[in-house]
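Below you'll find the structure, written out as structure tokens, and then a few comments.
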Amino acid sequence: MIKKILIANRGEIALRVLRTCKELGIQTVAVHSTADAHAMHVRLADESVCIGPPPACDSYMNMNQIVEACEISGANAVHPGYGFLSENAQFADVLENNGMIFIGPTAAHIRIMGDKIEAKKTAQQLGIPIVPGSQEKIKDSIEAETIANKIGFPVIIKAAAGGGGRGMKIVRSAEELPLALSVTSSEAKSNFGDDAIYIEKYLETPRHIEVQVIGDGRGNTLHLGERDCSLQRRHQKIWEEANSPGLNPEERQTICDIASKACAQLKYRGAGTFEFLYEKGNFYFIEMNTRLQVEHPITEAISGIDIVQEQIRIASGYGLSLSQEKVRFSGHAIECRINAEDPVTFLPSPGLITHFHTPGGLGVRIDSNVYSGYRIPPYYDSLIGKLIIHGRDRRECMMRLKRSLSEFVVDGINTTLPLFQHLVNHQDIINGHYNIHWLEKYLSEKP
Ligand code: MV4
């Protein structure tokens, strides 16, 4: 039984988790750095514990401090949110060894998916289509060249301990291969402490499509449809949609079934996301995320399911609240990430928000931790809110998004809001015609 949850995070996601806890009648404990003493998640939680100085490595990333905060407050479960310790297998182990519940997958599953080579091997064994490439880590450049010649150039070299776009190199010819291998491997060693690398066929113009799954840890699973997260800049997602405007109903059904069945075979516990690249009608698994994701609200919008509530139910041993047949998908949803950044240079823009006014009305959800008079600390990521729009179809969703953007006021700092004003009026976006390179190309060509 979970009676008190410690939320090991900050910002909008700490608030998001807090809201569901309150609706379930579960007591909440916020943790915070000294920079976040007056933050919204601290104010709204039943109790709070200061866990250290502003740098995340000394506070939100500090496992000992968080375990101690559980002991002080009597929390018997921890929700990690996203980022920070959310995909740290050791953290899941430490909590369990201290008799506390980690609201997430088993440490073993986090470990497998944290190693991208293991993740791919596991996916292949489960019948998920993967990108052609090396099955194991690359031992030498001779082996690498043999594989590259077999799958054909261009190829991409990736770090096993990387993921999310970190530690990758595209190689377009055999001559470039030996240097690229040694550079990627030594960078992986210094960045992640693991020099293991692998090779894949490089897909030139895919979409990034991900499937939301939830498992009860006993082989019962659900999928909640897919999201299209192709609109990104430097591996930071900017705009996400559910469903993907690039898939037809059969493709959607196929990939969602594959992901849900794989999740069942794994006896996966909690919320997870299978990431795919999609090109010319084919899906290629690349990674699995073993956490709640930033963009989960668009899935909640089209499915009507509170994903955090499912996470807590599963961690409590109650199982899923419904079966796949009972999930009713409806309409279309888009999320815009409002970052405290310069809309042109994307440089962080921390400081005082002098005025904050959010849009409202039917189909409009704002997940944000900021308010008029809030000072954004310079220590953490620049996400200050998410605008999540739901409509009966994509056209209605786009019109509602346009209307909502026109109501949104954030004064005192720079934000990404002006970028969205441009995007909602661009023909490619209106038509849903974009891939993972669209946004960077658009930004580089914009006058
Ligand atoms: C790829 C790829 C093309 N071919 N793998 C980047 C993030 C990481 N999750 C995987 N990534 C990619 N892997 C193959 N075989 C292109 C990317 C990629 C990308 C993927 C998803 C979203 C945005 C991206 C931007 C640049 C590159």
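Values quoted throughout were computed directly from the atomic coordinates according to the rules given, and no laboratory measurement underlies them. Values in this document were obtained by computation on a predicted structure and should not be read as measured data. Every residue, glycine among them, receives a Cβ derived from its backbone with ideal geometry; neighbour counts consider all protein chains shown.
Points to keep in mind about this one:
- From helices alone, the chain scores -10000 deg cm²/dmol at 222 nm; the rule is -39500 (n - 2.57) for each run of n ≥ 4 DSSP H residues, then divide by the residue total.
- Charge dipole (Cα centre; +1 on Lys/Arg Cβ, -1 on Asp/Glu Cβ; no other charges) of the chain amounts to roughly 700 debye.
- The relative contact order of the chain, computed from alpha carbon pairs under 8 Å that lie at least 6 residues apart in sequence, is 14 percent.
- Backbone amide hydrogens, once placed in the peptide plane, bring Ser321 within less than 5 Å of nothing, excluding anything fewer than 5 places away on its chain.
- On full extension, the segment bounded by Glu407 and Leu44 gains 128.1 nm, given 0.36 nm per residue less the C-alpha separation.
- Remark: the range 425-430, residue by residue, has Karplus-estimated 3J(HN,Hα) of 9, 8, 4, 4, 6, 4 Hz, where x stands for each Gly or Pro and the curve is 6.51 cos²θ - 1.76 cosθ + 1.60 at θ = phi - 60°.
- Near Ser48, the amide H atoms lying under 5 Å from its own belong to Ala30; only residues 5 or more places off or on other chains count, and H is placed 1.01 Å from N.
- Shape call, the range 371-447: gyration tensor on alpha carbons, a/c limit 1.5: oblate
- In sequence order, the range 218-225 has phi-based couplings of 10, x, 8, 9, 9, 10, 10, x Hz under the Karplus curve 6.51 cos²θ - 1.76 cosθ + 1.60, θ = phi - 60°, and Gly or Pro positions carry x.
- Amide H partners (placed H, <5 Å) of Arg291, local residues excluded: Thr273
- Rg(Cα) / (2.2 N^0.38 Å) computed for the range 1-85, rounded to two decimals: 0.95
- What the Cα atoms of the range 229-380 give is an Rg and a Dmax of 18.0, 51 Å.
- Simple Cβ-charge dipole of the range 275-383, Lys/Arg +1 and Asp/Glu -1, about Cα centre, in debye nearest 20: 260 debye
- Projecting the Cα atoms of Pro178, Ser372, Ser330 onto the dipole axis of the chain, where Lys and Arg carry +1 and Asp and Glu carry -1 at the beta carbon, places Ser330 farthest toward the positive end.
- Separation of the range 354-382 from the range 393-429 is 15 Å, based on Cα centroids.
- Computed magnitude of the charge dipole of the range 1-99 (debye, nearest 20; Cβ of K, R +1, Cβ of D, E -1): 360 debye
- Using alpha carbons only, the radius of gyration of the range 226-311 set against its Kirkwood radius gives Rg/Rh = 0.93.
- Around Met399: net Lys/Arg minus Asp/Glu count, Cβ-Cβ under 14 Å: +3
- Computed from phi, the 3J(HN,Hα) profile of the range 44-53 under the Karplus parametrisation 6.51, -1.76, 1.60 (θ = phi - 60°) reads 8, 6, 5, 9, 9, 9, 7, 10, x, x Hz, with x in place of Gly and Pro.
- Note on the chain: Rg/Rh from C-alpha atoms, Kirkwood Rh, equals 0.95.
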